[in-house]
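The next block holds one structure in the form of structure tokens; read it before the comments.
Here, each number is a calculation from the coordinates, and none is a lab measurement. For clarity, every value in this text was computed on a predicted model and none was experimentally measured. Glycine also receives a Cβ, built like all others from the backbone with ideal geometry; neighbour counts cover every protein chain displayed.
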């Protein structure tokens, strides 16, 4: 038996009944899309078009269309790759770790956060895939026969290959977890369906869900097992992303704190994105009673906590570089803060360490428009973090003859902007065709269930 | 989700007597006896001997340097950027100080992680553990002992233990023989004055936070209401912020600077993980002991199960940090870094190296995998003891190689001293526990804790 203290705030406000939940959350699926949805969707598709165009140019003319050069071999591509992969982490944290910690407030945000994870990983995948240049050749090692392109298998010593495994595992587990959670809700939509098309498709995807005690029992057990599997994934994915850098001997990259620091940063950036999305979703779709100020406040606290953890890691890195007595390390960090890319470093510091400290004040944690602004700041800051790590460490070689500057070309900018098109197109489709809030879980925490 | 069914929460008053008291006193006496035997059996070196060992060490040290971690020969040249430190045999009594340092630091970590445990319950707004908060609160009272031991060892034997303290006293300038550019470069941080400020102020602030939070909780028992609870949340948040930064500094000072040439950015988090998982293991042991003696009526298998999950999860977390540090250093294979592991991979530390992974990872991971084991008091006790021995060994492995290297060995002293401190810890914490009510009866979440259920 579960007992909730009287001083806890209600997770769902507005005295909802079970029926209210169903009708309100199924509303967007069962009605014609609103004008704001249409406008948003068309805009996203336009940006998706930019992605298609810039990727086509990249494929036709080669990586030379990007601003990479002999020293800065990784620039926007990997910055954006890490940026998007990181964003995905909040979804997994909410769905898996918060489930293990029995945090019930996750129930009205997990669905959209998990969707965000999946779309973010898709956006991330664009960059390394197209960085391979001839994508079709790069795919060869998956089915390495005939062995006409050198070694039979991929280089298992390389963290880049570990990344391939880590991210595909992550993507598949997240997708399965998300879909599993959707099944009871899809069945609800099926049962309410009035048109033949809706009946057919939702019937198909509900996989014969009956809602019997036995199915529910199994559903809960599988959820818990998947949560157990996903929990190490939250750590492993960004750990391995960090090892893409940290296994090298590049000053500023080779540092042992990278694994936990990247994970904290990923959760930080992910919650930034979740807040960006949900502040809009709750307003536009009128879900203020489900995604309450209490939810926003809890997420702001996570942002503040992880932001400070990331800040501690920045300071640790800086301190240890100074302490190390290694001139290359010391130079790498001084160069970050005072070199030609100083503006990127200080943007990172301001956005990630200083800005989230406003969440110490209750007003800041409970004012949606302010949270929205700050979530954008967090997104920007975390993008800059990856830019700082990648570009400032690379643009100064051991030999000064290799010292160069890097700036992105219009094609690279186009790909990055385009991935937002991909992300939001997916998100708009999701918000139209699937229940944005997990109905069955939210029903379990309603106060009046009679 | 009901509010209707409220249990009546009785206050309990723990009495420290019987077997627990006998055991703690026995541990104190046996530990002391072993330590004394240990002290008398440390090989004393005459001046001549000391010189001899020093020479031997120089030779073995060179051998170490010539091979990197993969066993590949590393080229030597006279223009080497970093001079090889020539180690001298430490005075025989350094081993005693080292043992004090290991145990004192372990006590300090456990005590401060005890504070962090209950601070965390407040800032996370968690209810399930509110019935067992008095245990970490009592653990926090031993913090001054750990802090004083660490400080005393630094003051009395800093020269012998910390390479850089010794170096500082030589006052060498550039060009002089024995000048060490790395240590000279670190003197802005590694200098006795600054370190003493940190060594005194950080534990003091921790202690004050712990004392204040404990008092708030105890006052709540008498007066009730939400004032103390709300205040605790704010104070806990402030503590957590301070704790994150200060434990980093303390770990750099006490443990990382023993290998003064070496550095690793993850080291502070790794130190935290060591203390944190040990503190959870100790809380579990106390809960099991109190339950067995009829106390903690509202604490059930459910709470114990959750503590088991914590031990399981944070043992994996510790291993994660261990692997992160080891893998990256092994992979990059930069001699300045890999020397750390090379030293620990040789005798006399090779056994400790394997023990470290066995006790701190394999046993908790494999044994606590199943639900039933996490609810079984005997098995939990076994794993908690493994974790405690394992993390003592972890700290041994952090400190000994850098300080006295080949002079280190596990003898009577190394067994006696932890036993002595275990006895002291039991005696101290159980006495603290007996002085105040055992249950925070008016904690706003006490009913949640009394009704706690882990679900599936």
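What Kirkwood hydrodynamic radius, in Å, does chain B give when the mean of 1/r is taken over all pairs of distinct Cα atoms and then inverted? Present the calculation step by step, with values, prior to reporting the outcome.
On the way: mean 1/r = 0.0426 Å⁻¹.
That comes to 23.5 Å for chain B.
If you take the square roots of the eigenvalues of the alpha-carbon gyration tensor of the protein assembly as shown and sort them as a ≥ b ≥ c, do you get rounded (a/c under 1.5), prolate (a/b over b/c) or oblate?
Taking the square roots of the gyration eigenvalues as a ≥ b ≥ c, the protein assembly as shown is oblate.
Once you have the Cα-Cα distance between residue B:184 and residue B:36, take 0.36 nm times their residue separation minus that, and quote the gain in nm to one decimal.
Details: separation 148, 0.36 × 148 = 53.28 nm, distance 3.88 nm.
That pair, residue B:184 and residue B:36, stretches by 49.4 nm at full extension.
Using 12 Å as the cut-off for backbone N distance, which residues of the stretch A:22-54 belong to the label zone defined by a point 7 Å from the Cα of residue A:417 along Cα→Cβ?
A:46-51, A:54
Between residue B:245 and residue A:195, what is the label-point separation in nm under the 7 Å Cα-to-beta-carbon projection?
Between residue A:195 and residue B:245, the simple spin-label model gives 5.8 nm.
Taking the Cβ of each residue in A:163, B:301, B:453 as the centre, tally the other Cβ atoms inside 10 Å and list the residues starting with the fewest.
Least crowded to most crowded, the residues run B:453, B:301, A:163.
Can you compute the FRET efficiency between residue A:38 and residue B:435 using 1/(1 + (r/R0)^6), with r the Cβ-Cβ distance and R0 = 60 Å? Round to the nearest 0.05.
On the way: r = 69 Å, r/R0 = 1.15.
Efficiency for this residue pair is about 0.30.
Quick one: if the Förster radius is 30 Å, what FRET efficiency do residue A:157 and residue A:122 give, using the C-beta to C-beta distance and rounding to 0.05? Can you show the working numbers first?
On the way: r = 28 Å, r/R0 = 0.93.
Calculated value: 0.60.
Need one number: nm distance between label points at residue A:216 and residue A:403, each 7 Å from Cα along Cα→Cβ, rounded to one decimal.
If labels sit at residue A:216 and residue A:403, their model points lie 6.9 nm apart.
With the contact rule set at Cα under 8 Å and sequence spacing of 6 or more, what percent relative contact order holds for chain A?
Relative contact order here is 34 percent.
Mind checking the angle between helix B:143-161 and chain B's longest principal axis? C-alpha axes, 0 to 90 degrees, to the nearest 10.
0 degrees
Test of understanding: express the Cα radius of gyration of chain A as a ratio to 2.2 N^0.38 Å, with N the residue count. Numbers along the way, then the final one.
Details: Rg = 23.0 Å, N = 450, 2.2 N^0.38 = 22.4 Å.
Compactness ratio reported: 1.03.
Run the numbers for residue A:165 and residue A:284: contour at 0.36 nm per residue of separation, minus the present Cα-Cα distance, in nm. Before the final figure, lay out the partial values.
Details: separation 119, 0.36 × 119 = 42.84 nm, distance 3.78 nm.
The residue A:165-residue A:284 span can extend by a further 39.1 nm.
On full extension of the chain, what length is gained from residue A:338 through residue A:354, given 0.36 nm per residue of separation minus the C-alpha to C-alpha distance? Could the numbers behind the result be given before it?
On the way: separation 16, 0.36 × 16 = 5.76 nm, distance 1.85 nm.
Taking residue A:338 through residue A:354 to full extension adds about 3.9 nm, to one decimal.
Averaged across the residues of A:245-254, what count of C-beta atoms belonging to other chains lies within 10 Å of each residue's C-beta?
Numbers: counts 1, 8, 5, 3, 4, 1, 0, 0, 1, 7.
Taking the mean over all residues of the peptide, I get 3.
Along the Cα-to-Cβ line of residue B:212, 7 Å from the Cα, sits a label point; which residues in the stretch A:359-390 have backbone N less than 18 Å from it?
Once the point is set 7 Å along Cα→Cβ of residue B:212, A:360-361 turn out to lie under 18 Å by backbone N, inside the stretch A:359-390.
Can you give the mean number of other chain Cβ atoms that lie within 10 Å of the Cβ atoms in peptide A:311-321? Write out the running numbers ahead of the final one.
Numbers: counts 2, 6, 5, 0, 2, 9, 1, 1, 7, 9, 2.
The shielding value for this peptide is 4.
For the residues A:351, B:113, what sequence is obtained by ranking on other C-beta atoms within 10 Å, fewest first? Mind showing how you got there, number by number?
On the way: A:351 23, B:113 26.
Going from sparsest to densest Cβ surroundings: A:351, B:113.
Counting other beta carbons within 10 Å of each Cβ, put A:391, A:436 in order, fewest first. List each step's numbers first, then the result.
Details: A:391 23, A:436 26.
The most exposed by this proxy come first: A:391, A:436.
Using Cα springs under 10 Å in a Gaussian network model of chain A, which residue among A:119, A:427, A:61 shows the largest mean-square fluctuation?
A:61
May I ask for the angle, rounded to the nearest 10°, between helix A:258-284 and the longest principal axis of chain A, with both axes built from Cα atoms and the value confined to 0 to 90°?
On a 0 to 90 degree scale, this one is about 40.
With label points built 7 Å along Cα→Cβ from the Cα atoms of residue B:366 and residue B:8, find their separation and express it in nm.
5.0 nm
Return the average number of partner chain Cβ atoms within 10 angstrom of each residue Cβ along peptide A:353-360.
Working: counts 0, 0, 0, 0, 1, 0, 0, 4.
Per residue, the number of nearby Cβ atoms from other chains is 1 on average.
When chain A is modelled as a GNM with alpha-carbon springs shorter than 10 Å, which of A:440, A:269, A:95 fluctuates the most?
Maximum fluctuation in the GNM of chain A, among the listed residues, is at A:440.
Helix A:110-131 versus the longest principal axis of chain A: what is the Cα-based angle in degrees, 0 to 90, to the nearest 10?
Taking the Cα atoms of chain A, the angle to A:110-131 is about 30 degrees.
Counting helices only, and only those DSSP H runs with n ≥ 4, report the 222 nm mean residue ellipticity of chain B as the sum of -39,500 (n - 2.57) divided by its residues, in deg cm²/dmol to the nearest 500.
-23000 deg cm²/dmol
What's the FRET efficiency of residue B:23 with residue B:227 using the Cβ-Cβ distance as r and R₀ = 41 Å, to the nearest 0.05? Numbers along the way, then the final one.
Details: r = 40 Å, r/R0 = 0.97.
Efficiency for this residue pair is about 0.55.
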